[in-house]
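The values are calculated or read from the model by the stated rules, or taken from the named source; none is laboratory data. All values reported here derive from a predicted model rather than from experimental measurement. Cβ sites come from the backbone with ideal geometry, for glycine too, and all protein chains shown count toward neighbours. All accessible areas refer to the heavy atoms of the entire protein, side chains included, with ligands and DNA or RNA removed. Shrake-Rupley method; radii C 1.70, N 1.55, O 1.52, S 1.80 Å.
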Amino acid sequence: MNKKDLSLLVLILVVGAVVAFINPRFLYVGNLSNTLNQVGMFGIFSIAEAFVIIIGGIELSVGSVIALLGVLFIDLIVNHDVNWMLAFAAIIAGGLVIGLVHGALVTRMHIQPFVVTLCGLLIYRGAARYYTEDATAGFGFGASFPTLEWLTAGRTNLLGFPVPHSLVALIVVAAIAWVLLHRSVFGRYLYAVGKNEEAARYSGIRSERVMVSAYVICGGLTAFSAILFAMYTRSISPAVHGSFYELYAIAAAVLGGCSLRGGEGSIVGVVLGTVLLQVLQNLVNLLGIPSSLNFAVMGAVILIGVLADQYLVQRRQRVGAAKGRTQTSLAAAPLEG
């Protein structure tokens, strides 16, 4: 855990203490369990977003992908009687294909990631609404999938505390992502491409393949999130389901130390960023503040994160320039003598 992550953890503890002081209901077991459930579901697609941001890209279609794939998953298991395991695999495969398409458009067609994923946002949302004829997709009366529901939306009592399975899923995903990003050659390639794609290519890194892989990972994890959300809500209104989720993901990634320039970020930081956002949202709910202010909170969080990143970049540049001047003067001193 680096200094940024430690600072974020301290901030979470301080905010949590303030929230608990203002409203003791924050510490109720039910409220904490529900908050951790939200952390689990939002954290997975935030990690997905982080992979793309680290390579210097952006993924704006997260919410629309969650809506479309969620609708398809419910339709497969409810209306077409597809075995839930096969439907699960099909939805994950669909997410991987979406990521592959996005990556190919960015690397092969050289279209800006912002444009590619903005178009995806519109296309997938429109497709979800057309597929359902703008109607709500959900489980009919008597439809039950006990094993699937327990795995995705269930909770297990641990020392008297109901631990949501979405949180367990997040821990597993975060652990794998941490190893992949921080303890593998592929992870070093991701950071190198994010820092300077051209330099990475000249050093022998297949930068296009690395970038496509990041989008594919993002698509797969987003598809997994789509299933979790579908089973949690049990009904999906394609016009609004998943709306602005990409902003939650970007905010969590930026809070967690990811630079929108690319080349920076950590998995632990992204998870902590997700926790902070959910604690803030819980504060809004407990205080009875209009939920519409959630978006104002997210906007402020992203702005503060970008300003902090800008400050750190400028500070590093000043420190580097000062060191350079010092070394130059020291090297010149013997010549003058």
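With each label point set 7 Å from Cα along the Cα-Cβ vector, what nm distance links ILE176 and VAL10?
About 3.5 nm separates the two model spin labels.
What does the charge count near GLY103 come to, summing +1 for each Lys or Arg and -1 for each Asp or Glu among other residues with Cβ under 12 Å from its Cβ?
0
Can you give the accessible area of LYS323, probe radius 1.4 Å, in Å² rounded to 10?
LYS323 has an accessible surface of roughly 130 Å² with all protein chains in place.
Against the longest principal axis of the chain, how steep is helix 185-195, in degrees 0 to 90 to the nearest 10, with axes from Cα atoms?
Roughly 70 degrees between the two axes.
Once you charge only the Cβ atoms, +1 for Lys and Arg and -1 for Asp and Glu, what is the size of the charge dipole of the chain about its Cα centre, to the nearest 20 debye?
Here the chain has a charge dipole of around 980 debye.
Could you rank the peptides 125-137, 267-279, 47-59 by their average count of other C-beta atoms within 10 Å per residue, with the highest value first?
The peptides rank, most packed first, as 47-59, 267-279, 125-137.
At 1.4 Å probe size, with every protein chain present, just tell me what the per residue accessible area of the chain comes to in Å².
Dividing the accessible area of the chain by its residue count gives 49 Å².
Radius of gyration and Dmax for the range 142-191's Cα atoms, expressed in Å?
When restricted to Cα atoms, the range 142-191 yields Rg and Dmax of 16.0, 50 Å.
Going by average Cβ density within 10 Å per residue, which order do the peptides 182-188, 30-36 take, highest to lowest?
Order by mean packing, descending: 30-36, 182-188.
I'd like the distance separating the alpha-carbon centroids of the range 253-314 and the range 188-212, in whole Å.
Value for the Cα centre distance between the two parts: 27 Å.
Quick check: pseudo-label points 7 Å beyond the Cα along Cα→Cβ at LEU287 and LEU312, how many nm apart are they?
That separation, rounded to one decimal, is 2.6 nm.
From the Cα gyration tensor of the range 78-132, with a ≥ b ≥ c the square roots of its eigenvalues, which class applies: rounded if a/c is under 1.5, or else prolate if a/b is larger than b/c, or else oblate?
Taking the square roots of the gyration eigenvalues as a ≥ b ≥ c, the range 78-132 is oblate.
Sort 92-102, 251-261 for me by packing, meaning the mean count of neighbouring Cβ atoms within 10 Å per residue, highest on top.
251-261, 92-102
Using a cut-off of 15 Å between beta-carbons, work out the net charge of the residues near GLU133 (Lys and Arg +1, Asp and Glu -1, GLU133 not included).
Neighbour charge sum, excluding GLU133 itself: 0.
Non-local amide H neighbours of VAL82 (under 5 Å, H modeled in plane, Pro and chain starts lacking H): which ones?
Answer set, sorted by chain and number: ILE77.
Would you work out which of ALA199, ASN34, LEU228 lies farthest towards the positive end of the dipole of the chain, given +1 charges on the beta-carbon of Lys and Arg and -1 on that of Asp and Glu, about the Cα centre?
Of the listed residues, the answer is ALA199.
Roughly how much of LEU287 is accessible, in Å² to the nearest 10, using a 1.4 Å probe?
80
List every residue whose amide H lies under 5 Å from the amide H of GLY138, counting only residues 5 or more places away in sequence or on a different chain, with H placed 1.01 Å from N in the peptide plane.
ILE236
Could you give each residue of the range 157-165 its phi-based ³J(HN,Hα) in whole Hz, using Karplus coefficients 6.51, -1.76, 1.60 with θ = phi - 60°, and x for Gly or Pro?
After applying 6.51 cos²θ - 1.76 cosθ + 1.60, I find 6, 10, 6, x, 10, x, 7, x, 5 Hz.
Return the carbon/sulfur percentage of the accessible area of the chain, one whole number, probe 1.4 Å, all protein chains in place.
For the chain, the apolar C and S fraction of the accessible surface comes to 68 percent.
Stokes-Einstein diffusion coefficient for the range 178-263 at 20 °C in a medium of 1.002 mPa s, Rh from the Kirkwood formula over Cα pairs: what value in µm²/s?
144
Tell me the label only: which of [x] -0.48, -0.93, -1.23; [y] -0.39, -0.77, -1.05; [z] -0.32, -0.74, -1.16 is log10 I(q)/I(0) by the Debye sum over Cα atoms at q = 0.07, 0.11, 0.14 Å⁻¹ as calculated from this structure?
Structure-derived value, by its label: [z].
Tell me, what ³J(HN,Hα) does each residue in the range 3-16 have, in order and in whole Hz, if you take phi through Karplus 6.51 cos²θ - 1.76 cosθ + 1.60 with θ = phi - 60° and put x for Gly and Pro?
Result, rounded to whole Hz: 5, 4, 5, 5, 4, 5, 4, 4, 4, 4, 5, 5, 4, x.
Using 7 Å Cα-to-Cβ label points, what is the VAL18/THR233 separation (nm, one decimal)?
3.0
What figure in square angstrom, to the nearest 10, would you give for the accessible area of THR328 with a 1.4 Å probe?
90
Which far-off residues, 5 or more places away or on another chain, put their amide H under 5 Å from the one on VAL163, with H placed in the peptide plane?
Amide H neighbours of VAL163, under 5 Å, 5+ apart: THR156, ASN157, LEU158.
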